[in-house]
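Below is one structure, written out as structure tokens; the observations come after it.
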Amino acid sequence: MGRILVILFTTGQCNLRCSYCGGSFPREVVPWGIGYGLDELEKFLGRLGEYDIAFYGGEPLLNPGFIRAVMDRFGEARFVIQTNGTLIHMLEPDYWRRFTTVLLSIDGREEVTDYYRGRGVYRLVARAARRLREYGFQGDLVARMAVSSRSDIYLDVTHLLELGLFDHVHWQLDAVWSDWKNSFWRWAEEVYMPGISRLVDYWIDAMRRGRVLGIAPFLGVLRVDLLGEPNYAPPCGAGVNSVAVSTDGRVLLCPIAVREGWAYMGDLREPDLRLPGRPLIADPCTGCRYFRYCGGRCLYAYLERYWGEDGFKMLCRVTAHLVEEVRRALPEARRLLESGTVDPSVFDYPPFNNTVEIIP
Ligand code: SF4
Ligand code: SF4
């Protein structure tokens with residue numbers, strides 16, 4: 001089965017109400033406290049073999065007691081957290097130093113971040129990034145962006161890179177869940193896809209100067225050619241090498257699918273619950289020329305198709321553009337590797353399933 005990423009909800013509650021998400025889950029969907037015991041969790045984890053743990057919510061830091069208890073008890077795992085960055089004081093520096101990857105939600109420039117996430121959030125997140133380093137956190141600090149109609153992918157990603165606070169920048173498109181299908185394609189054609197091309201030029205320019213910038217989707221695509229191995233299908237590992245555990249003990253294929261029947265694998269207390277390892281992505285993806293890179297993109301979007309077939313295909317065109325553009329960097333990347341200018345591990349990103357889904 002390989003190493004499994006276990007995404008643990010610490011609470012369904014959030015202290016923000018970002019516009020593409022809406023804030024807390026209703027308590028009856030994802031309860032705000034943990035409804036199972038650590039012994040039960042231990043038995044479940046024991047069945048998985050090797051695993052890593054990502055804390056998730058809601059805002060995971062609203063339940064720091066659970067985070068401490070899990071980190072103290074399952075210390076052999078690698079730890080990851082996805083947080084909005086406003087509450088990092090809830091956990092002591094000693095715990096922060098034990099994380100392998102910390103993902104802070106920030107959308108890019110201050111005006112874009114604050115528009116979607118609330119006034120003052122950008123400054124809090126930037127401060128959190130600095131504090132984590134002061135605490136002695138030495139792991140991978142990832143800026144996790146949501147990209148929507150007010151985003152300029154070139155300006156927002158370069159802004160975050162130039163802050164010098166983050167090791168990697170990753171983004172997810174605010175597509176499918178939000179209601180802007182009718183204007184999405186125009187934005188994609190006029191703003192997003194040209195922005196991707198410009199960002200690839202910027203990336204290649206930096207490579208010419210010997211630097212490989214940590215643009216996670218670009219690295220995750222280029223790796224397929226450099227290492228000769230396809231990405232997981234889907235690249236987030238949903239159902240393949242990742243599961244989510246809700247606060248009530250429900251085991252889910254995907255942490256977003258808290259209400260969908262297809263995602264329910266059983267309760268963590270059931271001895272015969274389904275385990276990950278069964279790929280669910282099939283047609284049209286398995287026959288697609290971009291499948292090695294894209295892996296079907298997002299299992300949830302693949303199964304639910306909220307934007308219909310035409311919406312699905314729009315996103316395929318966006319993905320194809322990204323893949324084609326990123327592959328322009330191959331000659332420069334190979335030159336850096338052959339000359340020994342950079343270590344091959346720079347291109348092997350993410351180095352394990354750290355919740356970075358690779359394809360936006
Ligand atoms: S580009 Fe579209 S059809 Fe191709 S693998 Fe990705 S999601 Fe599937
Ligand atoms: S990329 Fe899609 S399937 Fe994967 S975890 Fe996110 S929402 Fe779920």
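List of remarks:
- From the options Gly65, Gly37, Gly49, Gly33, residue that is at pLDDT below 95 and not aliphatic (A, V, I, L, M): Gly49
- Candidate set: the stretch 305-320, residues that are crowded, with 16+ Cβ neighbours inside 10 Å and more than 8 Å from ligand 1 (Cβ to nearest atom); chosen: the one nearest to the chain's Cα centre (by Cα): Val318
- Selection status of Trp187, out of contact with any helix residue (DSSP H, G or I) (no Cβ under 8 Å at 6 or more places or on another chain) and assigned to a helix (DSSP H, G or I): yes
- Annotation: of all residues in the stretch 95-121 being open to solvent by 20 Å² or more (accessible area, probe 1.4 Å) and in contact with a Gly (Cβ under 9 Å, 6 or more places away or on another chain), the one that is farthest from Glu76 (Cα to Cα) is Asp114.
- Residue match in the stretch 285-296 (condition: more than 20 Å from Pro360 (Cα to Cα) and not polar (S, T, N, Q)): yes
- Per this entry, Tyr300 is not counted among residues that are part of a loop (DSSP other than H, G, I, E, B) and surrounded by 15 or more Cβ atoms within 10 Å (Cβ to Cβ).
- Every condition in (1) surrounded by 15 or more Cβ atoms within 10 Å (Cβ to Cβ); (2) in contact (Cβ under 8 Å) with a residue 60 or more places away in the chain; (3) away from ligand 2 (no atom under 16 Å from the Cβ) is met by Ile215 except one, and the failing one is (2).
Residues are listed down the side, and each one gets a yes or a no for (1) open to solvent by 20 Å² or more (accessible area, probe 1.4 Å); (2) charged (D, E, K, R); (3) within 16 Å of ligand 2 (Cβ to nearest atom):
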position	(1), (2), (3)
Gly136	yes, no, no
Arg144	yes, yes, yes
Leu163	yes, no, no
His170	no, no, yes
Pro194	yes, no, no
Leu199	no, no, no
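- Residue pairs whose Cβ atoms lie under 6 Å apart, sitting 6 or more positions apart in sequence or on different chains, and linking a residue in the stretch 23-39 that is free of Cβ contacts under 8 Å to residues at least 12 places away in the same chain to a partner that is buried (at least 17 other Cβ atoms within 10 Å of the Cβ), are Gly23/Cys14.
- Of all the residues in the stretch 241-266, those that are touching a Pro at 6+ places or on another chain (Cβ under 7 Å), open to solvent by 30 Å² or more (accessible area, probe 1.4 Å) and assigned to a strand (DSSP E or B) number 0.
- Flag for Gly239 being in contact (Cβ under 8 Å) with a residue 12 or more places away in the chain, within 16 Å of ligand 1 (Cβ to nearest atom) and within 18 Å of Arg47 (Cα to Cα): yes
- The stretch 1-36, subset in a loop (DSSP other than H, G, I, E, B), farther than 17 Å from Asn84 by Cβ and open to solvent by less than 30 Å² (accessible area, probe 1.4 Å), residue nearest to ligand 1 (Cβ to nearest atom): Val29
- The requirement of being acidic (Asp, Glu), assigned to a helix (DSSP H, G or I), over 19 Å from Gly108 (Cα atoms) and open to solvent by 10 Å² or more (accessible area, probe 1.4 Å) is satisfied by Asp225.
- Neighbours by Cβ (under 6 Å, 6+ apart or cross-chain): first from the stretch 170-190, closer than 13 Å to Gly308 by Cα; second away from ligand 2 (no atom under 16 Å from the Cβ) and of a type in the set (Val, Ile, Thr): none
Residues checked against (1) polar (S, T, N, Q); (2) on the phi > 0 side of the Ramachandran plot:
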position: Tyr202; (1), (2): no, no
position: Gly210; (1), (2): no, yes
position: Gly214; (1), (2): no, no
position: Val221; (1), (2): no, no
position: Asp225; (1), (2): no, no
position: Gly239; (1), (2): no, yes
position: Thr247; (1), (2): yes, no
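- Leading residue by the ranking (nearest to ligand 1 (Cβ to nearest atom)) among those in the stretch 267-287 that are surrounded by 16 or more Cβ atoms within 10 Å (Cβ to Cβ) and either in a helix (DSSP H, G or I) or at pLDDT 95 or above (or both): Cys285
- The criterion of at least 2 residues that are closer than 30 Å to Glu50 by Cβ is met, among helices (runs of 4 or more DSSP H) falling completely within the stretch 76-171, by 93-96, 121-134.
- Lone unmet requirement of (1) modelled with pLDDT under 95; (2) outside any helix (DSSP H, G or I) for Asn182: (2)
- Filtered by the rule that a residue be at positive phi and within 12 Å of ligand 2 (Cβ to nearest atom), the stretch 253-303 gives Gly295, Gly296, Arg297.
The values are calculated or read from the model by the stated rules, or taken from the named source; none is laboratory data. Quick caveat, the model's predicted, so the values are computed rather than measured. Neighbour counts are summed over all protein chains in view; Cβ atoms, including those assigned to glycine, are modelled from backbone coordinates with ideal geometry. With ligands, DNA and RNA removed, areas are computed over all heavy atoms of the protein, side chains included. Shrake-Rupley method; radii C 1.70, N 1.55, O 1.52, S 1.80 Å.
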